[in-house]
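Report on one structure; see the data block that follows.
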Amino acid sequence: MLAQQLANGLAIGSVYAIFALGYTLIFSILGIINFAHGAIFTLGAYFTYTLMGLQFGFNGLLAQQKLPFGLPFWVALLVGAVIAGLFGVFLERIIFRPLRARGADPLLTLVASLGLAVAIVNIIQYLVGAETYSYPSGAALPGAPASVNFGTTEAPVIIRTAQLIIIAVAVLILIVLTFFINRTKTGRALRAVSEDATTSSLLGINTNQLIRLTFFLSGFVGGVAGTLVGLNVGITGPYLGISFGLKGLAVIVLGGLGSIPGAVVGGLLIGIVEALVPASLVSYRDALAFAILFIVLLVRPQGLLGRPLIQKV
Amino acid sequence: MSDTNGLLRIGSLTRAFGGLVAVNNVSFAVNEGEIFGLIGPNGAGKTTLFNLVTGLTPPTSGELYFKGRNITGSRPHQIAKLGMGRTFQNIRLFPNLTALENVMVAQHIHTRSGVLSGVLGLPRDRREEREAREKAQGLLEMVNLADRAQVQARNFPYGDQRRLEIARALALQPKLLLLDEPAAGMNPNEKAGLSTFIREVKEKFSLTVLLIEHHVPTVMGLCDRIAVLNFGQLIALGNPAEVQSNPAVIEAYLGDES
């Protein structure tokens, strides 16, 4: 029973982790929380769905439409995530960069991103309606069983194939991203910009270009996370990303703002704790993430893996 | 204005912050191969001038030429790419990057590896990365920090941070090196060593040096020519002896202290 809950927690925790990575990447470069990330996450799920050639729009403007072609799931996932990434770059260009150029207060940027999130969600609803969309069963691995029993017949630990895929993809994303940031030239430049953008520019680094790249990566990872959730529970409407948006916030604050390992630890922790909530208390589950957050912050204000903030004089 | 003489030409440069004119109609040129000093009382506009030259602050009016090219309004990374390196009055290393990484960041512009090829670890990128690392290690050796290449910059004592910052600026392979108060916080011994070090580095990398310095003996002993700023205006320009005997300079300094 416990093993079963841990497995469920691991799967949802992996999604929290890669969702929160999208926040973390942008926060570490710009010091802002991009609330539009939840909307990009939702868009990613819809993009993949649409690219698979499935019928979208039951009630919206685009009712009864579908693309004239259909891509296999994995190709659609990749292309959908790239489009989500480019959408992130687009938002950066039209909203965040002008605000930055004017030296806008971070609070303004935060509110702007919140407005964006609401606008995007409403546009999705206008276009394709609010119905639940489901990827066809077995879309990711045709012919694979729907679930695998890792326990025994007496004490089953059943993990659905969709959950296994989520965990595997999350691990892959984490490995590639960690390697990229810590071991490549561009990753090093990214870390330099996150520590001191002005000095980086004086060393010949085009900071705007790196910020664009960060928004792309964030959007890409968000798009993948959205699709994975869609694969697991279906696309439950344009508001899919909103609850993740808030929980993702708890994850990054819990793990430590701007810390990539922090986002992973925070995500897994919240996912597992939520999965351990007994069925009778399940309606309080969402409150739990914030309760953990509150308790941890009392003891460690910088989050689990964050660096203590030192006030500059 | 002619753009043929001088590695760096500053023409009628003005920068106002609201009502305060921090740099007021300043013109001079720094010739290739010289060590050029910029002095003046506190608040004279020296650091603002550095920020204008490196593109951090756009000028209100005036022109800047570097290597014969008009760089007025260019962005900092574009100017850095042309070959201008800089250190700061308050050291600005990347505190959580290692010493080696700090230096390697400055080599960014001299390598061609892209995002995707870097992640894939293609042979050309791996070779490029290895060469960059060796070069960076060499620069750390030159400033006697090679044995601590893997230590995060924030763990270095003050003097070592200063030298690390210079090594990082040199990794840009600049033609012109701007040093903002390199002797700040150093003891007399270290100050004496600094002049020798700057001369050595200048010869070895065939640099032109533009430096801000408060410590008068250091400036007089080190610089070929000196410009003096006071309240944003250029009040004297010449060799150390000329500047030292200039009545306007004497007044600016004595007036400041009384």
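For residue B:81, which of the numbered conditions (1) assigned to a helix (DSSP H, G or I); (2) surrounded by 21 or more Cβ atoms within 10 Å (Cβ to Cβ); (3) within 18 Å of the chain's Cα centre (by Cα); (4) at the interface with chain A (Cβ under 8 Å from one of its Cβ atoms) fails to hold?
(2)
Can you find even one residue in the stretch A:157-169 that is more than 23 Å from the chain's Cα centre (by Cα), away from chain B (no Cβ under 14 Å) and surrounded by fewer than 24 Cβ atoms within 10 Å (Cβ to Cβ)?
Checked against the condition, which is being more than 23 Å from the chain's Cα centre (by Cα), away from chain B (no Cβ under 14 Å) and surrounded by fewer than 24 Cβ atoms within 10 Å (Cβ to Cβ), the stretch A:157-169 yields at least one hit.
Scan the stretch A:225-250 and report the pairs whose first residue is hydroxyl-bearing (Ser, Thr, Tyr) and whose second residue is surrounded by 23 or more Cβ atoms within 10 Å (Cβ to Cβ) and assigned to a helix (DSSP H, G or I), with Cβ atoms within less than 6 Å and a gap of 6+ or a chain change.
Note: pairs meeting the criteria are A:227/A:44; A:227/A:45; A:227/A:48; A:227/A:77.
Can you tell me which residue in the stretch B:221-236 is nearest to the chain's Cα centre (by Cα), limited to those that are closer than 21 Å to residue B:32 by Cα and surrounded by fewer than 17 Cβ atoms within 10 Å (Cβ to Cβ)?
B:224
Out of the residues in the stretch B:201-218 meeting the condition of being in a helix (DSSP H, G or I) and at pLDDT 90 or above, tell me which one is surrounded by the most Cβ atoms within 10 Å (Cβ to Cβ).
Only one residue tops the list, namely B:201.
Somewhere in the stretch A:171-179, is a residue aromatic (Phe, Trp, Tyr), within 14 Å of another protein chain (Cβ to nearest Cβ) and farther than 29 Å from residue A:55 by Cα?
yes
Just to be sure, is residue B:17 among the aromatic types (Phe, Trp, Tyr), surrounded by 19 or more Cβ atoms within 10 Å (Cβ to Cβ) and either out of contact with any strand residue (DSSP E or B) (no Cβ under 9 Å at 6 or more places or on another chain) or in contact (Cβ under 8 Å) with a residue 60 or more places away in the chain (or both)?
Criteria not met by residue B:17.
Output the residues belonging to the stretch B:84-111 that are assigned to a helix (DSSP H, G or I), in contact (Cβ under 8 Å) with a residue 24 or more places away in the chain and at the interface with another protein chain (Cβ under 7 Å from one of its Cβ atoms).
B:104, B:105, B:109
Might you let me know whether the stretch A:62-72 holds any residue that is of a type in the set (A, V, I, L, M, F, W, C), surrounded by 15 or more Cβ atoms within 10 Å (Cβ to Cβ) and in a helix (DSSP H, G or I)?
no
The rows are residues; the columns are (1) more than 8 Å from chain A (Cβ to nearest Cβ); (2) outside any loop (DSSP other than H, G, I, E, B); (3) surrounded by 20 or more Cβ atoms within 10 Å (Cβ to Cβ).
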| position | (1), (2), (3) |
| --- | --- |
| B:44 | yes, no, yes |
| B:52 | yes, yes, yes |
| B:58 | yes, no, no |
| B:135 | yes, yes, no |
| B:144 | yes, no, no |
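Which count do you get for residues in the stretch B:146-167 that are in a helix (DSSP H, G or I), within 23 Å of residue B:192 (Cβ to Cβ) and not acidic (Asp, Glu)?
Final tally of qualifying residues: 8.
The values are calculated or read from the model by the stated rules, or taken from the named source; none is laboratory data. Computed from a predicted structure; not experimentally measured. No Cβ is skipped: glycine too gets one built from the backbone with ideal geometry, and neighbour counts run over all protein chains shown.
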